[in-house]
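Here, each number is a calculation from the coordinates, and none is a lab measurement. What you see is a predicted model, and the numbers here were worked out from it, not measured in a lab. Counting neighbours? That spans all protein chains shown, and the Cβs are built from the backbone with ideal geometry, glycine included.
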Amino acid sequence: MRQIIIDCDPSPDDAVAFLLALASPEELNVLAITTVAGNVPLPLTSKNARKALELAKRTETPVYAGASAPLLRKLITAEHVHGRTGFDGYELPEPTMALTKGFAPEAIVDLVMQRKAGEVTLCCLAPLTNIALALAKEPRLGTHVREIVLMGGAFSEGGNITPAAEFNVFVDPEAAARVLSCGAPITMIPLDCTHQARTTNARMEKLRAFGTPVAEAFYHLLKFNKIFDEQKYGWEGGPLHDATVIAYLLAPEIFTGRKVYVNVECASPLTLGMTVVDWWGVTENPKNVQFLRDVNADRYFDLVIERLGRL
Ligand code: BDR
Ligand code: CA
């Protein structure tokens, strides 16, 4: 049983990720959900996390709010994709569960450091501000975690928020650079992978067929996202980015990639937030990331849909 902390900025794909984890109690134990500013400002990401937990009747999961802005920069949000609330497309009731007292980066440090080294996996689905702040408080965190699995970055796929950068890394490039050098085993799931994993109509209908409140809500929430993505990319369906992180823990065999050196551009206005990937090993730089480039999308959706159907 893997102990995990899920750091996120819900939007629906983040919520699908933590619901997938909560629907997998034989494999995963969710110690906490921590929220950060990203897709929408912190009060909304913190609210959306609790809306999804209440919908799935998983209110025993602690939710800690964290950073309301990136380390050094002004927050950039993605209402153009997810709507004003971050959860547009389906009306969910205002949550009644409270946030757990405490600041997410401190909670992350406590939850990791009070356990044995190599026990806790950090699942990062958002700008990496909370993790960088946790590392500032406790630099040994990087070598105490079992692994960091993060959705972020891009290589041959190009960017989704600028031509060069993926959203999570672009919002807080300094935090991403800090995390990449923290000494933890890191698995990175970039756009190269997540753009293969799209919410086609057939997959959406399969989800809806469960007829549960979770299935119905996420059918509509993902449908809202899909409209923007379909116009932007000209594909059928939108990428279901963040659930790949949890799917990787449950079924690593459906992903392929290789160990490489990755760093983040933090200075150039043109390529800010770009993940520079030494795919061909043209430098001597130490390989710090397991970089995944392909996913079997059918097996990914089979897993996500089957597990969400359990809730
Ligand atoms: C990432 O950005 C967010 O909008 C998604 O939730 C995902 O974490 C994809 O670039
Ligand atoms: Ca996210």
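Laid out as a table, the results:
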{"quantity": "Between the range 166-192 and the range 194-235, the Cα center-to-center distance that results, in Å", "calculated": "26 Å"}
{"quantity": "Selection from 75, 104, 153, by position along the positive dipole direction of the range 49-198 (Cβ)", "calculated": "104"}
{"quantity": "Global size of the range 11-94 as Cα Rg and Dmax, reported in angstrom", "calculated": "13.1, 40"}
{"quantity": "Length-normalised contact order for the range 237-311 - Cα pairs under 8 Å, 6+ apart - percent", "calculated": "35 percent"}
{"quantity": "Interchain or long-range residues, amide H under 5 Å from residue 276's placed H", "calculated": "263, 264, 265"}
{"quantity": "Cα-only radius of gyration and Dmax that characterise the range 254-311, units Å", "calculated": "16.5, 47"}
{"quantity": "³J(HN,Hα) computed for each position of the range 79-89 - Karplus, 6.51 cos²θ - 1.76 cosθ + 1.60, integer Hz, glycine/proline x", "calculated": "4, 5, 9, 9, x, 4, 8, x, 10, 5, x"}
{"quantity": "Derived scalar couplings ³J(HN,Hα) [the range 104-109; Karplus, 6.51 cos²θ - 1.76 cosθ + 1.60; whole Hz; x for Gly, Pro]", "calculated": "3, x, 6, 4, 4, 4"}
{"quantity": "Burial order of peptide ranges 204-216, 263-275 (average beta-carbon count within 10 Å, highest first)", "calculated": "263-275, 204-216"}
{"quantity": "Shape box of the chain [Cα atoms, principal axes, largest first, Å]", "calculated": "53, 44, 37"}
{"quantity": "Å³ per residue enclosed by the Cα convex hull of the range 120-265", "calculated": "128 Å³"}
{"quantity": "Rg(Cα) / (2.2 N^0.38 Å) computed for the range 74-153, rounded to two decimals", "calculated": "1.35"}
{"quantity": "Beta bridges by DSSP in the chain, antiparallel share as percent, to the nearest 5", "calculated": "25 percent"}
{"quantity": "Neighbour cut-off at most 12 other Cβ (10 Å), DSSP loop, GluC sites (Glu not before Pro), the range 1-84", "calculated": "26, 60"}
{"quantity": "Too-long pairs where the Cα-Cα distance tops 20 Å, listed order kept, from 51/101; 47/101; 101/137; 57/116; 51/223", "calculated": "57/116"}
{"quantity": "Residue 28 long-range amide H proximity, modeled H, under 5 Å", "calculated": "2"}
{"quantity": "Burial order of peptide ranges 34-44, 293-303 (average beta-carbon count within 10 Å, highest first)", "calculated": "34-44, 293-303"}
{"quantity": "Residue 172 long-range amide H proximity, modeled H, under 5 Å", "calculated": "128"}
{"quantity": "For the range 295-311, 3J(HN,Hα) per residue [Karplus equation, 6.51 cos²θ - 1.76 cosθ + 1.60, θ = phi - 60°, Hz, x = Gly/Pro]", "calculated": "9, 7, 5, 5, 5, 4, 5, 4, 5, 4, 5, 4, 6, 4, x, 6, 7"}
{"quantity": "Farthest positive-ward along the range 188-251 dipole, Cα basis, beta-carbon charges - from 224, 211, 200", "calculated": "211"}
{"quantity": "Pairwise FRET efficiency - residue 294 versus residue 117, Cβ, R0 = 30 Å, nearest 0.05", "calculated": "0.45"}
{"quantity": "Debye equation applied to the C-alpha atoms of the range 159-213, log10 I(q)/I(0) at 0.14, 0.20, 0.31 Å⁻¹", "calculated": "-0.60, -0.83, -1.21"}
{"quantity": "Net charge over other residues, Cβ less than 13 angstrom from the Cβ of residue 80 (K, R count +1; D, E count -1)", "calculated": "-1"}
{"quantity": "Against the rule of thumb 2.2 N^0.38 Å, how large the Cα Rg of the range 197-273 comes out", "calculated": "1.44"}
{"quantity": "Cα-centred dipole magnitude for the range 199-294, charges only on beta-carbon of K, R (+1) and D, E (-1), debye, nearest 20", "calculated": "140 debye"}
